[in-house]
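What follows draws every value from the coordinates through simple rules; no lab data is involved. Keep in mind it's a predicted model, so treat the numbers as computed, not measured. For neighbour counting, all protein chains shown are included, and Cβ atoms are generated from backbone atoms with ideal geometry for every residue, glycine included.
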Amino acid sequence: MDDSRVFKMAFAGVYPHYVAKVEKKGRTKAELHAVIEWLTGYDERALQQVIEKKVNFESFFAQAPRLNPNVSKITGVICGYRVEEIEDPLMQKIRYLDKLVDELAKGKALDKILRK
């Protein structure tokens, strides 16, 4: 898929898949929200607004209150790519989110996911 198509996808369109993925593995929506807040700074209210407004991924990250300063600690492979080696900054942020959701779904402890 062309990167620009991913950037224009609505976060709200992908969000239910994140919820389903983590809940299917016994994790909660609250844990998912904690992961999203850690990465982006979006609190519950702001996240709900992003979903309601159908903000695309490009705007989702551009308008994020703050990207966590510890994102460089997110490493590993997601969708066949090492997240730390992705050159496009926006695609890297999207893959950081994918990686965190994947770690949550795989049962990793929340403290480890949040790089504490």
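Taking the criterion of being of a type outside the set (Lys, Arg) and under 17 Å from Lys108 (Cβ atoms), the residues of region 5-36 that qualify are Tyr18, Val22, Glu23, Gly26, Thr28, Ala30, Glu31, Leu32, His33, Ala34, Val35, Ile36. Just to be sure before I move on: is Asn68 surrounded by 15 or more Cβ atoms within 10 Å (Cβ to Cβ), in contact with a strand residue (DSSP E or B) (Cβ under 6 Å, 6 or more places away or on another chain) and not hydroxyl-bearing (Ser, Thr, Tyr) in the structure I sent? No: the conditions fail for Asn68. List the pairs whose first member sits in region 94-105 and is farther than 15 Å from Lys25 by Cα, whose second member is of a type in the set (Ser, Thr, Tyr) and outside any helix (DSSP H, G or I), and whose Cβ atoms are under 7 Å apart, counting only residues at least 6 apart or on separate chains? Close Cβ pairs satisfying both conditions: Arg95/Tyr81. Picking from residues in region 10-45 that are aromatic (Phe, Trp, Tyr) and under 21 Å from Lys116 (Cα atoms), the one that is surrounded by the most Cβ atoms within 10 Å (Cβ to Cβ) is Tyr42. Within region 91-101, one or more residues are in a helix (DSSP H, G or I), of a type outside the set (Ser, Thr, Tyr), buried (at least 16 other Cβ atoms within 10 Å of the Cβ) and in contact with a Gly (Cβ under 9 Å, 6 or more places away or on another chain).
Tallying residues that are farther than 17 Å from Glu103 by Cβ and free of Cβ contacts under 8 Å to residues at least 12 places away in the same chain within region 15-42 yields 1. Residue count for region 46-65 satisfying the condition of being surrounded by fewer than 12 Cβ atoms within 10 Å (Cβ to Cβ) and closer than 24 Å to Lys106 by Cα: 0.
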